[in-house]
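Engineer: There's a structure below that I have some questions on.
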Amino acid sequence: MSGRAKEGIQDAAVASFLASLQAEVGASPYTQRNYRQALLEFGKWYEGEHRRAPDWLVLKRTDFRAYLRFLGRGNLSRSAVQLRFSALRSFYKHLVRRGKLPDSPIKDIALPKKEQRLPQFLTIKQVGALLDAPRRELGELQKAEAEVDPTPFLRDAAILEVIYSCGLRVSELCALRAQDLELGERLIRVRGKGKKERQLPIGAPAVRAIECYWAALENSPSGEAPAFLALPRKPNPVYPRLVQLRLKHYLEMAELDPALTPHKLRHSYATHLLDAGADLRSVQELLGHENLATTQIYTHLTTARLKEAYDAAHPRAK
């Protein structure tokens, strides 16, 4: 078989895997992008070492051990190494499921343990300042007697309220349709990772913000229409990058760290629930975590805060 033909098979295998991430697994756009980049990086490394593209179906454990040593010399974080091998593992699981290989050559390769970093979060007061920022900016513009369309500010206020009220991932927020929001019942239906659906309660302030935003639109969304529009008069939904940019703007307005991501609002949601006494299993279901261990990181966070409060306040703490 010619090198060109063999390359075509490899390209088809990678393309099939990437297509399955979206169609079958329901992976987020970030996962799809990261896995594509990880496979590309491995291919470039292998080609640099062997002067030929990798033949995915004949690679051995020794090849991946050599790659792991290469990554170790590159001063990458443990999380970055884990991500690259997560992509490779998923790719080979795909090949095994398709009957291309009897087993994965990456199986049981020991990776450096991922460092456990506590998630960043905002205090309740900081969240309040952030959620108020879109309305405050709109009010300031209207006081200046400038002609301003209130719709984008009302949309942004509703988006921030919903992310914090329901602990959504930004991809879940962007995928919301009007029919997913049962505002009268104060419930929303969310499609999470792996296309798994979950039903979540939504707070009254978030409901009011949505209703205020929808009332400002020419046509209130219904059915399959996106719950949040990128532009007031076009049917396209908001997209992650737009949410990130608008959040950055409002963080600056609220004099908070503009580098914080929408995911930090999700962290804040989980932390505030646990601080107020919510049980871990309930928070796991609300967040859509498959494993309880993923949720337990927040208990470390609340425990650390309790220890800080104890050390600061108890006369015999030190």
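Computed from the coordinates by the stated procedures, all read-outs in this text should not be read as laboratory data. From a predicted model like this one, the values you see are computed outputs, not experimental measurements. So basically every Cβ, Gly included, is an ideal-geometry build from the backbone, and we count neighbours across all protein chains shown.
Engineer: Length gain on complete extension for the stretch residue 60 to residue 108, per 0.36 nm per residue less the alpha carbon to alpha carbon distance?
Structural biologist: Stretched out fully, the residue 60 to residue 108 stretch lengthens by 16.0 nm.
Engineer: Output wanted: per-residue J couplings in Hz (rounded whole) for the stretch 200-217, from phi through Karplus 6.51 cos²θ - 1.76 cosθ + 1.60, θ = phi - 60°, x for Gly and Pro.
Structural biologist: Running phi through 6.51 cos²θ - 1.76 cosθ + 1.60 with θ = phi - 60° gives 10, x, 10, x, 4, x, 5, 4, 4, 5, 5, 4, 5, 5, 5, 5, 7, 7 Hz.
Engineer: Turning to a different aspect of this structure: Can you compute the FRET efficiency between residue 123 and residue 222 using 1/(1 + (r/R0)^6), with r the Cβ-Cβ distance and R0 = 35 Å? Round to the nearest 0.05.
Structural biologist: 0.40
Engineer: Over all distinct alpha-carbon pairs, what is the Kirkwood Rh of the stretch 124-265 in angstrom?
Structural biologist: 15.3
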